[in-house]
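The values are calculated or read from the model by the stated rules, or taken from the named source; none is laboratory data. Keep in mind it's a predicted model, so treat the numbers as computed, not measured. Methodologically, a virtual Cβ is constructed for each residue, glycine included, from the backbone with ideal geometry; neighbour enumeration extends over all protein chains shown. Just so you know, the surface numbers come from the protein's heavy atoms only, side chains and all, with ligands and any DNA or RNA stripped out. Shrake-Rupley method; radii C 1.70, N 1.55, O 1.52, S 1.80 Å.
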Amino acid sequence: MKTMQDIKSLTLEELKNEMALLGEKPFRAKQIYQWMHEKLVRSFDEMTNLSLSLREKLAKQYSFTALKQVCVQESALDGTKKYLFELGDGKLVESVFMRYKHGNSVCISSQVGCRMGCAFCASTLDGLERSLMPSEMLDQVYAITYLTGERVSNVVVMGTGEPLDNYDNLLRFLMLITDENGLHISQRSITVSTCGLVDGMRRLADEQLQITLALSLHASTDEKRRKLMPVANRYSIAELMEACEYYFEKTGRRITFEYALVSGVNDNLEDASELLFLIKGMNCHVNLIPVNPIKERDYVQSEASFITAFKNKLAKNGINVTIRREMGRDIDGACGQLRRRQKALQ
Ligand code: SAH
């Protein structure tokens, strides 16, 4: 059987071509696109300005993704919500909704599982099952918009999965979510976080988008980085830094470096000095993340005094540095704590 086209992953232009092939008027494409990407409907049946026969024709021709909410947990600490969604094939992904002063933010997953193997991260424990389609990334934002009834202004691709390991679908997702005929989220309000796939970073730079690229650095020497992140065996820090410079050159967007502070592993002042040496003079921002414990590993969060000292060392040397405010830790919704199933379901 021929697999059906996933209609929500098509651009408006592509949809226009599809309508021409079906012998439909071009304006139908815009109507259908708006139903999917602006009004966020979950089936062809809800597209009430289309004739029943057209809706039936579409349903025969195309697949229509929609997520099922399996579970939602709300943090008692900060109101953050973590959703467990079921995809069309029964696989599960998690997404997180966070409320900030400057607007609402959604953290989405880009894959079911992850094959990057970072030592401190729960998302990679069972490896990669599959990558998400563009529509399935959109659906996480759409479902949360629909379920909360609130506008989402920021999207971070920092949930489960390595976005640059799903490059083409990621790019299409970025095009669709920023499209003026859809949710029209500004490129500047989107962050993509990578463990450092250099080829993908350079490719993304060449797209010249205005999104923020965040690099999960977590160590300032190759030797230390290799202990935490297998990807460090593939690319050296020197190569990563060149790719970051290249991204800035091409886009004018400063890089965010993410650095998870792990007690006794990468959190002393010597580490801070080495980091400083790496990034000095770069137009960047450092986001320190006190590591979030996961039960399968015994990494421990750095002491508050170490975190402050690390931060001050960077700040004193003119680096723009912040400590990430951890949202939703009590519901395992913080960085590195997302999994493909909920503990209750295991
Ligand atoms: N694969 C991408 C995006 C997902 S992880 C990446 O590696 O960037 C999002 C961020 O959370 C990354 O910076 C990741 O390194 C970090 N992270 C993973 N596990 C963590 C943990 N236990 N505590 C704190 N941060 C963690």
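How large is the helix-only mean residue ellipticity at 222 nm for the chain, computed as the sum of -39500 (n - 2.57) over DSSP H runs with n ≥ 4, divided by its residue count, in deg cm²/dmol to the nearest 500?
-10000 deg cm²/dmol
Per 0.36 nm of contour for each residue apart, how much would the distance between A20 and R130 grow if the chain were fully extended, relative to their Cα-Cα spacing?
36.4 nm
What does the charge count near V198 come to, summing +1 for each Lys or Arg and -1 for each Asp or Glu among other residues with Cβ under 11 Å from its Cβ? Before the final figure, lay out each step's value.
On the way: positive: R202, R203, R234; negative: D199, E239, E242.
Surrounding charge for V198 is 0.
From zero outward in steps of 5 Å, how is the percent of C-alpha pairs of segment 71-211 spread across the bins?
Result returned by the calculation: 2, 10, 20, 24, 21, 15, 7, 1, 0.
Expressed as a whole percentage, what fraction of the accessible surface of segment 267-346 belongs to carbon and sulfur atoms when a 1.4 Å probe is rolled over the protein heavy atoms?
The computed percentage sits at 52.
Within the set of other residues whose C-beta is less than 13 Å from the C-beta of S110, count the net charge using Lys and Arg as +1 and Asp and Glu as -1.
Combined, the nearby Lys, Arg, Asp and Glu give -3.
Roughly what angle does helix 269-279 make with the longest principal axis of the chain, taking Cα atoms, 0 to 90 degrees, to the nearest 10?
Relative to the chain, helix 269-279 is tipped by roughly 50 degrees.
Report, to the nearest whole %, how much of the accessible area of segment 89-182 belongs to carbon and sulfur atoms, 1.4 Å probe, protein only. All intermediate terms of the calculation are to be shown ahead of the outcome.
Values: 1470 of 3100 Å².
Within segment 89-182, the accessible surface is 47 percent carbon and sulfur.
Need one number: the % of Cα-Cα pairs in the chain sitting beyond the 40 Å mark.
Values: 8661 of 59685 pairs.
For the chain, the fraction of Cα-Cα distances above 40 Å is 15 percent.
At a threshold of 8 angstrom on Cα-Cα distance, excluding pairs fewer than six apart, so keeping six or more, what relative contact order does the chain reach in percent?
Across the chain, relative contact order equals 16 percent.
Would you mind working out the accessible area per residue for the chain, using a 1.4 Å probe, and quoting it in Å²?
Each residue of the chain exposes 44 Å² on average to a 1.4 Å probe.
Within a Cβ distance under 11 Å of M133, other residues only, what is the Lys/Arg minus Asp/Glu net charge? Show your work: numbers first, answer last.
Numbers: positive: K8, R130, R172; negative: D6, D89, E136, D139, D168.
Value of the local net charge: -2.
Which links in K57/K91; K280/K313; K16/K60; K82/K250; K224/K280 stretch past 24 Å when you go from one Cα to the other? Show your work: numbers first, answer last.
On the way: K57/K91 28 Å; K280/K313 12 Å; K16/K60 18 Å; K82/K250 35 Å; K224/K280 20 Å.
Checking Cα-Cα distances, K57/K91; K82/K250 exceed 24 Å.
What share of Cα pairs, in percent, lie more than 25 angstrom apart in segment 155-280?
Percent of Cα pairs beyond 25 Å in segment 155-280: 25.
In whole Å, what are the Cα extents of segment 201-262 along the three principal axes, biggest one first?
In descending order, the Cα extents are 33, 22, 14 Å.
Evaluated at 25 °C with a viscosity of 0.890 mPa s, what Stokes-Einstein diffusion coefficient in µm²/s does segment 20-70 have when Rh comes from the Kirkwood expression over alpha-carbon pairs?
The calculation lands on 211 µm²/s.
May I ask you to list the chymotrypsin sites (Phe, Trp or Tyr not before Pro) in segment 34-72 that are in a DSSP loop and have at most 16 other Cβ atoms within 10 Å of their Cβ? Spell out each step's value before the answer.
On the way: sites: W35, F44, Y62, F64; in loops: F64.
Here no chymotrypsin sites (Phe, Trp or Tyr not before Pro) fit, given the DSSP loop and packing criteria.
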